[in-house]
Amino acid sequence: MISFQSINVSLPAVDQTAITAWVRTVAVSYGRRVGEIAYIFVDDEEILRINRQFLQHDYFTDIITFDYTEGAVISGDLFISLDTVRSNAEDLHLSYNQELHRVIIHGILHLCGINDKGPGEREQMEAAENQALSLLSPLP
């Protein structure tokens, strides 16, 4: 089950049914099934609090993924800062929805085992994001 929640912000205007189907399609492409996934949309203040409290990082980020995956069943809490998504979209000259969809699937790719911190991993993640985004249509 995939749920959509918010803290300190309004839920973004995304098609939850389409996102759910897309996430399932992407998970299956990695040989995974979807368990309990919670998207929690927050503001920068909340993402910073979470980052400090749980990861001991003192900076803003677009997404923090808490991975509860067991075997082939992906599960997790995905905290997404809509403030950071908006500023990243502006910096990258993308639409807000394009960047939001990228971040939404980024967390799922982490749950599927793709990392982005080590040598060459960032490029692998970007390729995986682009492949996953191509499965979501139409992208506004």
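The values are calculated or read from the model by the stated rules, or taken from the named source; none is laboratory data. If you're wondering where the values come from, they're calculated on a predicted model, not measured in any experiment. Because the Cβ atoms are built from the backbone with ideal geometry, glycine has one as well, and the counts that use them run over all protein chains shown.
For the structure I just gave you, tell me whether residue 135 is of a type in the set (A, V, I, L, M, F, W, C) and touching a strand residue (DSSP E or B) at 6+ places or on another chain (Cβ under 7 Å). No; evaluated as a whole, the condition is false for this residue.
If we scan the stretch 43-59, do we find a residue that is touching a residue at least 40 places away in the same chain (Cβ under 8 Å) and either among the acidic types (Asp, Glu) or surrounded by 14 or more Cβ atoms within 10 Å (Cβ to Cβ) (or both)? The answer is yes; a qualifying residue exists. From the list 63, 37, 2, 47, the lone residue that is out of contact with any His (no Cβ under 8 Å at 6 or more places or on another chain), closer than 18 Å to residue 129 by Cβ, modelled with pLDDT of 95 or more and of a type in the set (A, V, I, L, M) is 37. The one condition from (1) in contact (Cβ under 8 Å) with a residue 40 or more places away in the chain; (2) out of contact with any Lys or Arg (no Cβ under 7 Å at 6 or more places or on another chain); (3) aliphatic (A, V, I, L, M) that residue 72 does not meet is (2).
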